[in-house]
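Please read the structure below before turning to the comments.
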Amino acid sequence: MSYDDLVALAKELPDVVEGMSYGTPAIKRGKRFMLRLKEDGESVAVKVDCETKERLMSAQPDVYFQTPHYDGYPALLARLPLLSQEEARSLLLASWEDAPFPARPR
């Protein structure tokens, strides 16, 4: 999976836009952070709830991991080359649901 592949999958979800975060390309739901490409170009930081984070890291530690910076924070890291399309879709959906879009004024 490449970052461009991930962006294409993310754009299948409503209200998803590309942006920047910490100087790297990012995906957001409106203005709410979903994920960003890490500086290594091989991994992404993804915002997910802590339960999802722990479940994914336990199930596939070769794909999902964290650094001390992410301890206790609702986000994990994913290695793009090891991420399947199906896993990417699930991860994007979890992040998208964790970044609710504010109600639009009527």
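The values are calculated or read from the model by the stated rules, or taken from the named source; none is laboratory data. Predicted model, so just to flag it, every value in this text is computed and none were measured. Here Cβ is always computed from backbone atoms with ideal geometry, including for glycine, and neighbour counts include all displayed protein chains.
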Open item on the list: I'd like to check something: does the range 18-25 contain any residue that is more than 13 Å from the chain's Cα centre (by Cα), aliphatic (A, V, I, L, M) and either under 14 Å from Leu83 (Cβ atoms) or part of a strand (DSSP E or B) (or both)?
Closed with: yes
TODO: Please tell me if Asp62 is loosely packed, with under 12 Cβ neighbours inside 10 Å and touching a strand residue (DSSP E or B) at 6+ places or on another chain (Cβ under 9 Å).
DONE: yes
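Yes/no per residue for (1) of a type outside the set (Gly, Ala, Ser); (2) in contact (Cβ under 8 Å) with a residue 60 or more places away in the chain; (3) within 20 Å of Pro74 (Cα to Cα):
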position	(1), (2), (3)
Val7	yes, no, no
Asp15	yes, yes, no
Ser21	no, no, yes
Thr24	yes, no, yes
Gly30	no, yes, yes
Leu35	yes, yes, yes
Task: Qualifying positions in the range 56-69 - of a type outside the set (Val, Ile, Thr) and at pLDDT 95 or above - done: Leu56, Met57, Ser58, Ala59, Gln60, Pro61, Asp62, Tyr64, Phe65, Gln66, Pro68
TODO: Select from the range 83-94 the residues that are assigned to a helix (DSSP H, G or I), more than 11 Å from Leu35 (Cβ to Cβ) and in contact with a strand residue (DSSP E or B) (Cβ under 9 Å, 6 or more places away or on another chain) and list them in ascending order.
DONE: Glu87
Open item on the list: Test of understanding: among Leu37, Leu82, which residue is over 17 Å from Glu12 (Cα atoms), at pLDDT 95 or above and buried (at least 20 other Cβ atoms within 10 Å of the Cβ)?
Closed with: Leu37
Open item on the list: Which pairs turn up if I take residues in the range 45-73 that are of a type in the set (S, T, N, Q) and look for partners that are surrounded by 14 or more Cβ atoms within 10 Å (Cβ to Cβ) and in a helix (DSSP H, G or I) with beta carbon separation below 6 Å, at least 6 apart in sequence or on another chain?
Closed with: Thr52/Ala94
Task: Counted residues, the range 7-34 - those being of a type outside the set (Gly, Ala, Ser) and touching a helix residue (DSSP H, G or I) at 6+ places or on another chain (Cβ under 6 Å) - done: 6
